[in-house]
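**Q** I'd like to ask some things about the structure below.
The values are calculated or read from the model by the stated rules, or taken from the named source; none is laboratory data. Keep in mind that this is a model prediction, so the values were computed, not measured. Note that each Cβ is placed from the backbone with ideal geometry, even for glycine, and that neighbours are counted across all protein chains shown.
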Amino acid sequence: MTRVFSGIKPTGHLTLGNYLGAVRRWAAVDQYARDALFCVVDLHALTVEHDPARVRRLTRQAATLLLAAGLEPERCTLFVQSHVDEHARLSYLLECVATDGEARRMIQYKEKAAREREGGRSVRLSLLTYPVLMAADILAHGADEVPVGEDQQQHVELTRALATRFNQRYGHVFTVPVATRPGVAARVMDLQDPRSKMGKSGGAGAGVVHLLDEPEVVRRKVMRAVTDSGTEVVHDPEGRPGVSNLLEILAACGTAEPADPVALAGAYGSYGALKRDTADAVVEALRPVRERHREWAADPGGVDEVLRRGAERARAVARPTVDAAYRAVGLLPAV
Ligand code: AQP
């Protein structure tokens, strides 16, 4: 059976971007048709300045939201990255395979390092090496597919390169995975700044829709979305990023099968009507998440139990592969 692995960082409240780019597919498709492992990648949240109590809180909150988004503990494995030592164990070996130049070419590293420097903060070494840890997350579990949004494509490419190089150098140990992306809304943009990705670590911006936003808050954010000069509704992400973003969101939320944003554009004569329909579609898409969240949030012990069982299974999946990698590079097994 095809195995799937993907993760989410507890760096803020989950957004509509996380949902449409990744999480919705995990719940709607991957957990039914694949052997699926999903992870709250808490170690990745330590790559920039962080408040320990907040990371702890957001980790449980992310797990609760993933369950609210429809992950079913009987159908998939949900766990916290730091509960499974194999990730960090394998990361070091992969650091011995990756090159410094390769790590420095990562776009997210360049962008986030620049943000840290601009804020007068020093750049943590882990910000540079985090894509290697992400490769370890994926390779430890022998994933065939990695369902992610567009922004993670480059990191999955690095993962493929490291797996291939390792296998060539030391013998076949790793499955070489492929990234899978949604047909639409693979990169949801900030509603106030449609040339930037809708991100969860930017704070409570008016351009970011969070999964638990009240319907009236969602409506307000969508209705106030920055659109482009002109009045014609067309799908042109380069020239008309604001309107195109709304069309992508509407296409992804409007029906069970994402509609075509280009075809949708033809149905609208004004930005106002497009915004109203998009707001309604987002509210409806998030309604079941908000409802299930009430139930899971009332049962933190239940969430912890899901994570405990998930970590147990994840360890069992990862350990043989990571042990094989340790042997392959020449490390003497402990007796
Ligand atoms: N805007 C987005 N559109 C589509 N997919 C997205 N993803 C994230 N943002 C969008 C996808 O969601 C999954 C989990 O993301 P993550 O936790 O690795 O990263 P993040 O939400 O972007 O949070 P960060 O790194 O803390 O970044 P910023 O600073 O941008 O908020 C991934 O599959 C991702 O592709």
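**Q** Of the residues that sit in segment 1-24 and are over 17 Å from THR59 (Cα atoms) and among the aliphatic types (A, V, I, L, M), which one is nearest to the ligand (Cβ to nearest atom)?
**A** Here is the first cut: in segment 1-24, the residues over 17 Å from THR59 (Cα atoms) are 1-5, 16-17, 20-22, 24.
Checking the rest, the ones that are also among the aliphatic types (A, V, I, L, M) come to 1, 4, 16, 20, 22.
On the way: MET1: 22, VAL4: 12, LEU16: 8, LEU20: 6, ALA22: 4 Å.
Among them, the one singled out is ALA22.
**Q** For segment 57-96, give me each residue that is touching a strand residue (DSSP E or B) at 6+ places or on another chain (Cβ under 6 Å), over 30 Å from ALA325 (Cα atoms) and not in a helix (DSSP H, G or I).
**A** Matches in segment 57-96: LEU71 only.
**Q** Out of all the residues in segment 207-245, which are of a type in the set (Lys, Arg) and in a helix (DSSP H, G or I)? Even if it seems obvious, please write down each step before you answer.
**A** Of all residues in segment 207-245, those of a type in the set (Lys, Arg) come to 219-221, 224, 240.
Residues satisfying the conditions are ARG219, ARG220, LYS221.
**Q** Can you tell me which residue among LEU264, LEU250 is under 19 Å from GLY21 (Cα atoms) and either of a type in the set (A, V, I, L, M) or not in a loop (DSSP other than H, G, I, E, B) (or both)?
**A** Details: LEU264 fails: under 19 Å from GLY21 (Cα atoms).
Within the list LEU264, LEU250, the selection yields LEU250.
**Q** State yes or no: is ALA33 of a type in the set (A, V, I, L, M) and buried (at least 23 other Cβ atoms within 10 Å of the Cβ)?
**A** Numbers: of a type in the set (A, V, I, L, M): yes; buried (at least 23 other Cβ atoms within 10 Å of the Cβ): no.
Here the answer is no, as ALA33 does not meet what is asked.
**Q** Does ALA252 satisfy the condition of being out of contact with any Gly (no Cβ under 7 Å at 6 or more places or on another chain) and exposed (fewer than 14 other Cβ atoms within 10 Å of the Cβ)?
**A** On the way: out of contact with any Gly (no Cβ under 7 Å at 6 or more places or on another chain): yes; exposed (fewer than 14 other Cβ atoms within 10 Å of the Cβ): no.
It is false that ALA252 is out of contact with any Gly (no Cβ under 7 Å at 6 or more places or on another chain) and exposed (fewer than 14 other Cβ atoms within 10 Å of the Cβ).
**Q** Shifting gears a bit: How many of the residues in segment 146-170 are buried (at least 21 other Cβ atoms within 10 Å of the Cβ) and closer than 19 Å to ARG327 by Cβ?
**A** 3
**Q** Looking at VAL306, VAL322, which one is of a type outside the set (Asp, Glu), out of contact with any strand residue (DSSP E or B) (no Cβ under 9 Å at 6 or more places or on another chain) and within 18 Å of HIS141 (Cβ to Cβ)?
**A** On the way: VAL306 fails: out of contact with any strand residue (DSSP E or B) (no Cβ under 9 Å at 6 or more places or on another chain).
Result of the check over VAL306, VAL322: VAL322.
**Q** Just to confirm my filter: which helices (runs of 4 or more DSSP H) fall fully inside segment 99-141 and include at least 1 residues that are surrounded by fewer than 19 Cβ atoms within 10 Å (Cβ to Cβ) and not assigned by TED's automatic domain parsing to the domain that holds HIS50?
**A** Values: elements: 100-104, 107-118, 125-140.
Hits in segment 99-141: none.
**Q** Does THR11 satisfy being outside any helix (DSSP H, G or I), assigned by TED's automatic domain parsing to the domain that holds PRO131 and surrounded by fewer than 23 Cβ atoms within 10 Å (Cβ to Cβ)?
**A** Working: outside any helix (DSSP H, G or I): yes; assigned by TED's automatic domain parsing to the domain that holds PRO131: yes; surrounded by fewer than 23 Cβ atoms within 10 Å (Cβ to Cβ): yes.
Answer is yes for this residue.
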